[in-house]
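The values are calculated or read from the model by the stated rules, or taken from the named source; none is laboratory data. The structure presented is a predicted model; accordingly, all values stated were derived computationally and were not measured. As a convention, Cβ positions derive from the backbone with ideal geometry for all residues, glycine included, and neighbour counts pool all protein chains shown. Surface areas here come from the heavy atoms of the whole protein model, side chains and all, with no ligands, DNA or RNA. Shrake-Rupley method; radii C 1.70, N 1.55, O 1.52, S 1.80 Å.
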Amino acid sequence: MEQLNPGYHPMIRFGSWEITRFNRSTTYMFLTPDMVQQGQFQANGNRYFFRAVMANELENADKDKLIADMDGGTARGFNEAYARSMSNFEGNYDRSTNTLTISYPVKGMLRTFQLHPTNQGDDRLPMAASGAERGLVGLWQAPEPFPDKLDARTRTKVQEEGLQMFFQEASASDGAQFAVIDLRPDHSFRDHSTIGSWQRNGSTLTMFAKGKRLDLQISGDGSKLLSRGKAVYVR
C-alpha cells in the first residue's frame, strides 16, 4: 500500500501481497523518510498497530558498530535517522475504500497519510485483457539485486568493512522491495505516484508518462521485463 501524492512517499509491504485482508503472518516493511522499517503488526478490528523491530535489517548492536567507525557529525546524523525510522505507528483500515490511514512523524511533525493498494485486483482478472496482453496484467517488481546477501554478523566475520557493505546491500535490496509497477487491463499503469499508459508491440512493452516513454523487452518466457538485456522488473 502506498501514498499517491508526490513528496515523501510512504509505502507498506506486508508479509503477503494480500492487501484487502492483511496477511496474519504479521510482518511488514515500511518506507520511512530515512530508512526502511521492518517489524510486526497487530489488528483490532479495523485498527492496526505497527511495532518497529529493526531498520534496513540492522539491529541496535549492528548499528552501534557502524557508528563506531564514523566521525562525530556523521555518527550523530546516522543515529538520529535510525531513531526516526524506529517510530511505532498506528493505522485505520477502511474496507469500503481499501485505504489505510496512518500517522507518522516527518521532520519532527506528526503527519497523516492515506495509503492505497498498489494493485486493484487486476492481476486476479486476467480475462479482462486480450490473449496477447494477458500475461502482462498485474504487478511487476524489481529483482533482488543481492540475492546471496549475507547477514550482518556473517559479513563482519568474512571480510573487512563487511558491515558497511552489508548496509549498502540491505538498502539496495529494500529499495527493490518497493520498486513496483502495476499494469492494468485498461492499458493504464501506476508506478508509485506516477500514472501513465502502456502498450505492447510484439516483444516490446512501451510505457508513457509525463511526456516520456520507456521501452522494455519482454523475455521469452514472459516472466521478465528487460532493459539492455538486464531484468528491471520480474513477476
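Inclusion of Asp215 among residues that are outside the structural domain of Ala68 (by the TED database), open to solvent by 50 Å² or more (accessible area, probe 1.4 Å) and part of a loop (DSSP other than H, G, I, E, B) is not warranted.
Here are some residues: Ala152, Ala209, Ala179. Which one is modelled with pLDDT of 90 or more and closer than 30 Å to Met54 by Cα?
That would be Ala179, the only listed residue that is modelled with pLDDT of 90 or more and closer than 30 Å to Met54 by Cα.
Residue-by-condition table, conditions (1) more than 18 Å from the chain's Cα centre (by Cα); (2) touching a residue at least 40 places away in the same chain (Cβ under 8 Å); (3) open to solvent by less than 50 Å² (accessible area, probe 1.4 Å):
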| residue | (1), (2), (3) |
| --- | --- |
| Tyr8 | no, yes, yes |
| Asn60 | yes, no, no |
| Ala81 | yes, yes, yes |
| Arg84 | yes, yes, no |
| Arg95 | yes, yes, no |
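The set of residues in region 182-212 being touching an Asp or Glu at 6+ places or on another chain (Cβ under 9 Å), charged (D, E, K, R) and not in a loop (DSSP other than H, G, I, E, B) consists of Asp182, Arg190, Asp191, Arg200.
When region 165-212 is limited to residues that are over 17 Å from Leu139 (Cα atoms) and among the hydroxyl-bearing types (Ser, Thr, Tyr), the one that is least open to solvent (accessible area, probe 1.4 Å) turns out to be Ser173. Do we find a residue being open to solvent by less than 50 Å² (accessible area, probe 1.4 Å) and assigned to a helix (DSSP H, G or I) anywhere in region 128-149? Yes, region 128-149 has at least one match.
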